[in-house]
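Reviewing the structure listed below.
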Ligand SMILES: NC(=O)c1ccc[n+]([C@@H]2O[C@H](COP(=O)([O-])OP(=O)(O)OC[C@H]3O[C@@H](n4cnc5c(N)ncnc54)[C@H](OP(=O)(O)O)[C@@H]3O)[C@@H](O)[C@H]2O)c1
């Protein structure tokens, strides 16, 4: 099973501001960046990269704060056509997300449990849709195989980091792609190197 953390961040490695705003992604100048649904799917002129990634996965893992951010914007879970594992302690969050075509399953505790369930269900390629807390925990247990991130041309100072954890073991990644995007953004892709 291959896990891809696909997102967008500021130059200082934040996926949102301290106040949970993603407005800084608008600086990348894409029309998609001003659409809330697209922003959890990162903004910027990487929409074709994002669409290709979504088509390539067969399951999703997402954190409670990322889903709540979408719900605050008046959305449900926009990827309800894919089986999704929601990492949360909040027993009411699945119901708050509304109806989905495929199961939206809440899991809490070690992320290893969620990954084992996803693997046991036969899924091959998983989008880690955020946020930084879930990504940090996934990296800690070495479950992140690929990172694709659009970097917006600005810094925000504080907010959840790309891997938001107090301490992480060193995990080496190989740079597989580094590409300028319109609007002074850049797309970086790293693949986990396990030797
Ligand atoms: N730039 C982008 O494209 C992008 C992409 C994704 C997200 N974001 C943004 O990032 C922010 C959210 O990121 P985040 O790092 O703060 O949060 P997150 O990873 O989305 O969710 C963290 C929350 O999930 C629950 N959780 C985490 N680990 C858990 C565990 N092991 N067991 C049970 N529950 C667990 C906890 O909430 P409960 O205890 O309340 O359940 C925790 O507070 C939002 O502003 C979102 O919009 C941006």
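Every read-out reported here was derived from the displayed coordinates using simple, explicitly stated rules and does not represent laboratory data. Predicted, not measured: the structure shown is a model, and the values here were computed from it. Quick reminder, even Gly has a Cβ in these numbers, built from the backbone with ideal geometry, and neighbours come from all protein chains shown.
Taking a ≥ b ≥ c as the square roots of the eigenvalues of the alpha-carbon gyration tensor, the range 77-195 is classed prolate because a/c is 1.5 or more and a/b outweighs b/c. Bridge orientation summary for the chain: considering DSSP beta bridges with both residues in this region, about 40 percent are antiparallel.
Ranked by how many other Cβ atoms sit within 10 Å of their own Cβ, fewest first, the residues 24, 173 fall in the order 173, 24. In terms of other Cβ atoms within 10 Å, 10, 108 run from fewest to most in the order 108, 10.
Placing dummy labels 7 Å off each Cα toward the beta-carbon, the span from residue 101 to residue 195 is 4.3 nm. Take the Cα of residue 171, step 7 Å toward its Cβ, do the same at residue 18, and the gap between the two points is 2.8 nm.
Computed over the chain, the per-residue total of -39500 (n - 2.57) for DSSP H runs of n ≥ 4 gives a 222 nm mean residue ellipticity of -6500 deg cm²/dmol, rounded to 500.
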